[in-house]
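Below is one structure, written out as structure tokens; comments come after it.
The values are calculated or read from the model by the stated rules, or taken from the named source; none is laboratory data. As the structure is a prediction and not an experimental result, all values here were calculated from the model. With ideal geometry, Cβ positions are generated from the backbone for all residues, glycine too; neighbour counts draw on all protein chains shown.
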Amino acid sequence: MKISVIVTTYNRPNALKKVLDGLLVQSCMPHDIIVADDGSGPETRKMLAAYLNGKTPVIRHEWQEDQGFRAARIRNKAILVSRGDYLVFLDGDCIPEKHFVADHQELAEEGAFFQGKRVLVSQRASGMFNHKDTASISKRIGLVLSSKISNRHHLARIPFFPSWKKTGLSGIRSCNMGVFKTDVLAVNGFNHDFIGWGREDSEFVDRLYKYGLRRKENPFKAICYHLWHKENSRARLADNDALLAHCRKKNGYFCSRGLNSLEIDCSGRIIGRKE
């Protein structure tokens, strides 16, 4: 099974570099990595130059103009160019533990998507923290003792710990989520109606449920380490909450403005249809 990792980013090149470095030392390498860039400035493109070298795994940079928070649309652009059978969504400030991709591959199951967990790295520790620290038991214990990480109950990887399935939107986070590409295509990807931070991932999952999927979880596998950052603007959260509530009342799982709002031209470049 080929796995594509889609990494969402916006103007955090230092954090993104740490994430990519973590993905390039995985125990099981992804087939490709797509950086889904929601309008970052030239510093991100400059940093990525060394990674876009055609080596395995192939790393692609999908960029869109900065018109505010449009995570749904840039993820859809990345989905269209991904080559994997299974998609892992990861945020550009979430450093994967070295078994991250292997765990997602093991946990992938027809009829389900996987909701991963995260360890939170504090502001004091985020500047120096990198993928090597995720593999260092002594470093992690030191961070626990100095209260520089939280969600520490996800810290240990327990390979044989059983998973379970559930439904519900509490705890849904697209910063660490795995789903078969065929299921993503079936529901038309993410909903472009969501502009600004919040709820586009919850609405996406609500449609996956309506399509017939269940949510799979495991607290000790496929863990990422979320670097501290300032809180995103919540200016449109009330609007997005209302949009989520409206969408949940509908019976259908296919959103009207998603992947079908984009298309690929003859050169392989993604272009937007009139939305």
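Of all residues in the stretch 110-142, those being β-branched (Val, Ile, Thr) and farther than 25 Å from Ile172 by Cα number 2.
For the stretch 14-34, state whether one or more residues are among the charged types (D, E, K, R), buried (at least 19 other Cβ atoms within 10 Å of the Cβ) and more than 28 Å from Leu185 (Cα to Cα). If you could, list the steps in order and put the result at the bottom.
As a first pass, look at the stretch 14-34 and keep what is among the charged types (D, E, K, R): 17-18, 21, 32.
This time we only want the ones that are buried (at least 19 other Cβ atoms within 10 Å of the Cβ), so: 18, 32.
Next, only the ones that are more than 28 Å from Leu185 (Cα to Cα) stay: 18.
Checked the stretch 14-34: at least one residue is among the charged types (D, E, K, R), buried (at least 19 other Cβ atoms within 10 Å of the Cβ) and more than 28 Å from Leu185 (Cα to Cα).
Which residues, taken from the stretch 199-220, are hydrophobic (A, V, I, L, M, F, W, C) and under 13 Å from Leu243 (Cα atoms)? Of everything in the stretch 199-220, just one residue is hydrophobic (A, V, I, L, M, F, W, C) and under 13 Å from Leu243 (Cα atoms), namely Phe204. Is one or more of the residues making up the stretch 137-149 within 21 Å of the chain's Cα centre (by Cα), under 24 Å from Asn14 (Cβ atoms) and either surrounded by 15 or more Cβ atoms within 10 Å (Cβ to Cβ) or modelled with pLDDT of 85 or more (or both)? Yes: one or more hits.
Can you work out which of the residues in the stretch 105-119 that are of a type outside the set (Gly, Ala, Ser) and within 15 Å of Val19 (Cβ to Cβ) is surrounded by the most Cβ atoms within 10 Å (Cβ to Cβ)? Let's see the steps before the verdict.
Let us first name the residues in the stretch 105-119 that are of a type outside the set (Gly, Ala, Ser), namely 105-107, 109-110, 113-115, 117-119.
Imposing the further condition that a residue be within 15 Å of Val19 (Cβ to Cβ) reduces the set to 118-119.
Working: Arg118: 19, Val119: 22.
Ranking the candidates gives Val119 first.
Each row is one residue, and each column tells you yes or no for (1) modelled with pLDDT of 95 or more; (2) within 20 Å of Leu243 (Cβ to Cβ).
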site: Lys181; (1), (2): yes, no
site: Val187; (1), (2): yes, yes
site: Asn191; (1), (2): yes, yes
site: Trp197; (1), (2): no, yes
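Does the stretch 145-162 hold any residues that are touching a strand residue (DSSP E or B) at 6+ places or on another chain (Cβ under 8 Å) and hydrophobic (A, V, I, L, M, F, W, C), and which are they? Walk me through how you get there before you give the answer.
In the first step, residues of the stretch 145-162 are kept if they are touching a strand residue (DSSP E or B) at 6+ places or on another chain (Cβ under 8 Å); the result is 148-152, 154-155.
Of everything in the stretch 145-162, those that are touching a strand residue (DSSP E or B) at 6+ places or on another chain (Cβ under 8 Å) and hydrophobic (A, V, I, L, M, F, W, C) turn out to be Ile149, Leu155.
Checking Asp201, Asp193 one by one, the residue that is touching a residue at least 12 places away in the same chain (Cβ under 8 Å), touching a Leu at 6+ places or on another chain (Cβ under 8 Å) and either more than 21 Å from Gln26 (Cβ to Cβ) or assigned to a loop (DSSP other than H, G, I, E, B) (or both) is Asp193 and no other. Of all the numbered requirements in (1) surrounded by 23 or more Cβ atoms within 10 Å (Cβ to Cβ); (2) in contact (Cβ under 8 Å) with a residue 60 or more places away in the chain; (3) touching an Asp or Glu at 6+ places or on another chain (Cβ under 9 Å), Phe69 misses one, and that requirement is (1).
So is Lys17 charged (D, E, K, R) and either touching a His at 6+ places or on another chain (Cβ under 7 Å) or farther than 20 Å from Lys132 by Cα (or both) or not? First the steps, then the outcome.
On the way: charged (D, E, K, R): yes; either touching a His at 6+ places or on another chain (Cβ under 7 Å) or farther than 20 Å from Lys132 by Cα (or both): no.
When the stated conditions are applied, Lys17 does not pass them.
Listed by first and then second residue, the pairs linking a residue in the stretch 159-181 that is part of a loop (DSSP other than H, G, I, E, B) to a residue that is polar (S, T, N, Q), with Cβ atoms under 7 Å apart and 6 or more places separating them unless they lie on different chains, are Phe161/Asn218; Ser163/Asn218; Leu169/Ser202; Gly171/Gln115; Ile172/Gln115; Ile172/Ser202. The residue that is surrounded by the most Cβ atoms within 10 Å (Cβ to Cβ), counting only those in the stretch 230-275 that are modelled with pLDDT under 90 and not in a loop (DSSP other than H, G, I, E, B), is Ile270.
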